[in-house]
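Inspection log for the structure reproduced underneath, given as structure tokens.
The values are calculated or read from the model by the stated rules, or taken from the named source; none is laboratory data. Quantities reported herein were computed from a predicted structural model and do not represent experimental measurements. Note that each Cβ is placed from the backbone with ideal geometry, even for glycine, and that neighbours are counted across all protein chains shown.
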Amino acid sequence: MDNELRGAVLSRYPSIKMFADALKWDRKKASRIVNRIQTPTVNDMYKMANLLSVRDSDTFVRLFLPNLPTMWRE
């Protein structure tokens, strides 16, 4: 499966460490979330969406809820 979240992060930040620093997170937490090892909380998704300038629900779902069945998408 393509990891659009990782692509979005690395298109704006030179490294996951820099992304983690911007979120005031530990690098390991950011890495686990970006690499889809850990599921982010709603608060985590909100913070990441703001940093990544996510402004529409379709992009939000693609980045943070990639396993959501397509029947629930617009």
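Below are the figures for this structure:
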{"quantity": "Hey, Met48 of a type in the set (A, V, I, L, M) and modelled with pLDDT under 95 or not", "calculated": "no"}
{"quantity": "Given (1) more than 11 Å from the chain's Cα centre (by Cα); (2) in contact (Cβ under 8 Å) with a residue 24 or more places away in the chain, number of the condition Asn67 does not satisfy", "calculated": "(2)"}
{"quantity": "Within region 1-51, tally of residues that are of a type in the set (A, V, I, L, M), touching a residue at least 12 places away in the same chain (Cβ under 8 Å) and within 19 Å of Leu68 (Cα to Cα)", "calculated": "8"}
{"quantity": "Filter result for Val54 (of a type outside the set (D, E, K, R) and either in a helix (DSSP H, G or I) or touching a residue at least 60 places away in the same chain (Cβ under 8 Å) (or both))", "calculated": "no"}
{"quantity": "Yes/no for Val42 being crowded, with 16+ Cβ neighbours inside 10 Å and within 13 Å of the chain's Cα centre (by Cα)", "calculated": "no"}
{"quantity": "Residue within region 1-15 that is surrounded by fewer than 16 Cβ atoms within 10 Å (Cβ to Cβ), among the small types (Gly, Ala, Ser), modelled with pLDDT of 95 or more and at positive phi present", "calculated": "no"}
{"quantity": "Any chance Ala30 is at pLDDT 95 or above, closer than 17 Å to Arg62 by Cβ and touching a Phe, Trp or Tyr at 6+ places or on another chain (Cβ under 7 Å)", "calculated": "no"}
{"quantity": "Selection count, region 52-64, where residues are under 18 Å from Gln38 (Cβ atoms) and over 9 Å from the mean Cα position of the chain (by Cα)", "calculated": "0"}
